[in-house]
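Student: Let me give you the structure first, and then I'll get to my questions.
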Amino acid sequence: KIKAELDLLSSEELGREIEPFRVHDFRVTVRTRLAGLGVPQAVAEAVIGHAKKGTERIYDQHQYRDERREASEAWGSELLALVGEGRVSKRA
């Protein structure tokens, strides 16, 4: 229901139909762009909420809070630049 409303509002704002997308596409985009920004894989995976796998789940108990915050801030700046609200980082 919320996705249908988002589609409608987006189409109205743009004045045209939007391309079909799934909410999961946002996660894929964020993860891809974090890699482009040079964010380490473990941090990028933590940002999108993926659980650690294998022995990492046992041996790496670090929560990456500071690193996740920094990565999220970098993505936020990148996103604002993409929509014309700021500057794109040089690492993108």
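The values are calculated or read from the model by the stated rules, or taken from the named source; none is laboratory data. From a predicted model like this one, the values you see are computed outputs, not experimental measurements. With ideal geometry, Cβ positions are generated from the backbone for all residues, glycine too; neighbour counts draw on all protein chains shown. Keep in mind that these areas ignore ligands, DNA and RNA; they rest on the heavy atoms of the full protein, side chains included. Shrake-Rupley method; radii C 1.70, N 1.55, O 1.52, S 1.80 Å.
Student: May I ask you to list the residues in region 47-74 that are among the β-branched types (Val, Ile, Thr) and surrounded by 15 or more Cβ atoms within 10 Å (Cβ to Cβ)?
Tutor: VAL47
Student: I'm trying to understand the selection: among the residues of region 1-17, which are surrounded by 10 or more Cβ atoms within 10 Å (Cβ to Cβ) and of a type in the set (A, V, I, L, M)?
Tutor: Listed by number, the residues that qualify are LEU6, LEU8, LEU9.
Student: Among the residues of region 32-46, is there at least one that is of a type in the set (Ser, Thr, Tyr) and loosely packed, with under 10 Cβ neighbours inside 10 Å?
Tutor: No, because not a single residue in region 32-46 is of a type in the set (Ser, Thr, Tyr) and loosely packed, with under 10 Cβ neighbours inside 10 Å.
Student: Among all residue pairs at least 6 apart or on different chains, which show Cβ distances below 8 Å where the first residue, located in region 38-51, is without any contact (Cβ under 8 Å) to a residue 12 or more places away in the chain and the second is exposed (fewer than 13 other Cβ atoms within 10 Å of the Cβ) and not in a loop (DSSP other than H, G, I, E, B)?
Tutor: GLN41/ALA35; ALA51/ARG57
Student: Here is a further query. Can you tell me which residue within region 78-92, out of those that are open to solvent by less than 60 Å² (accessible area, probe 1.4 Å) and either at pLDDT 90 or above or assigned to a helix (DSSP H, G or I) (or both), is nearest to GLY38 (Cα to Cα)?
Tutor: GLU78
Student: For region 18-31, name all the residues that are part of a helix (DSSP H, G or I) and either touching a residue at least 40 places away in the same chain (Cβ under 8 Å) or surrounded by 13 or more Cβ atoms within 10 Å (Cβ to Cβ) (or both).
Tutor: Hits for region 18-31 are ARG27, THR29, VAL30, ARG31.
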